[in-house]
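Please read the structure below before turning to the comments.
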Amino acid sequence: MALYMQKNPQLFTGKRVVELGAGGSGLLAVLGVRIGVKAWIATDWGSDTVLERLSENIARNGVDSTAKAAPYRWGDHALTNILASNSAIEAHDGFSTTIPHLLNLLVAADVIYPSMSSIQICDLLTSFKVLHKSPETNINEFYCSYIHRDYSGETLKRVLNAVLEVEGLMVDVVDFEDDEAKRQGGSIFRFWFGSELDTRQKMVQVVGERVMPSIWEKKEQIAEEWSFPFQYERI
């Protein structure tokens, strides 16, 4: 994701960004501020130590007036911490908090692992839906980097099948020619909302082939192993 941001700064300059699964480094937050974002809310969940380290690294790099760390659990509808962080950045900039500048982009870097459960994948995608539908944000796109750690393609299949479980969710692979990204086996997914189910099913087939050729050859096995029913209350 850092490589993609460096090569495509125009997609991020002037944006107010939410990052999911930031971890403790704050790398993307620092890079985002340096290429001109207006706000960067780096979120993580489950460890106070990670959030403390994230806040500390943001401050040490001198970008804490534009970037903030905030706790957020994937899939939660409560956006209080994220919105409060955005307001804090606006207050520092001297903007009136009565008419907030809305957050308008979602990113995540290297958050998809073979060990992830179906519910965790659904939580990740649901986070985008929550942020997209909230009247207090204007987030219509989600960029997520993906590293191939599972060369059987099973993790990728699970992600793409999960896309179909979130109503209206679309996905594509961003054209990104970079030698380092190719060496790591990386791709950038772009998610957005819209279109009919039939179109989305074809889309998922195409994306799977682009990311990992021949991924759909064993269709019977895929149907048996990866067609899992979702009954997820928060969607």
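Mind checking whether some residue in region 117-132 is under 16 Å from Trp40 (Cα atoms), at pLDDT 90 or above and open to solvent by 50 Å² or more (accessible area, probe 1.4 Å)?
No, the conditions are met nowhere in region 117-132.
Based on this model, can you work out whether Arg60 counts as at pLDDT 95 or above, of a type in the set (Lys, Arg) and open to solvent by 40 Å² or more (accessible area, probe 1.4 Å)?
So Arg60 fits the description; yes.
Give region 191-235 a look and list any residue that's in a helix (DSSP H, G or I), open to solvent by less than 70 Å² (accessible area, probe 1.4 Å) and either at pLDDT 75 or above or within 11 Å of Asp172 (Cα to Cα) (or both), or say none.
Scanning region 191-235 gives Thr199, Arg200, Met203, Val204, Val207, Gly208, Val211.
Any idea how many residues of region 134-179 are in a loop (DSSP other than H, G, I, E, B) and either among the β-branched types (Val, Ile, Thr) or at negative phi (or both)?
20
Please identify the pairs in which a residue from region 23-50 that is within 13 Å of Val111 (Cβ to Cβ) and of a type in the set (A, V, I, L, M) has its Cβ atom under 6 Å from the Cβ atom of a residue that is open to solvent by less than 10 Å² (accessible area, probe 1.4 Å) and part of a helix (DSSP H, G or I), counting only partners at least 6 apart or on another chain.
Partner pairs satisfying both residue conditions: Ala42/Ala29; Ala42/Leu54.
Of the conditions (1) farther than 21 Å from Trp192 by Cα; (2) open to solvent by less than 50 Å² (accessible area, probe 1.4 Å); (3) out of contact with any helix residue (DSSP H, G or I) (no Cβ under 8 Å at 6 or more places or on another chain); (4) without any contact (Cβ under 8 Å) to a residue 60 or more places away in the chain, Pro9 clears all except one; give me its number.
It is condition (1) that Pro9 fails.
Only one of Leu83, Leu79, Leu54, Leu27 is open to solvent by 60 Å² or more (accessible area, probe 1.4 Å), out of contact with any Cys (no Cβ under 9 Å at 6 or more places or on another chain) and closer than 21 Å to Leu124 by Cα. Can you tell me which?
Matching residue, one of Leu83, Leu79, Leu54, Leu27: Leu27.
The values are calculated or read from the model by the stated rules, or taken from the named source; none is laboratory data. Worth saying up front: this structure is predicted, and the values here are computed from it rather than measured. Cβ coordinates were reconstructed from backbone atoms using ideal geometry, including for glycine residues, and neighbour counts include every protein chain displayed. Ligands, DNA and RNA are stripped out before the accessible areas are found, and what is left, the full protein with its side chains, is counted by its heavy atoms. Shrake-Rupley method; radii C 1.70, N 1.55, O 1.52, S 1.80 Å.
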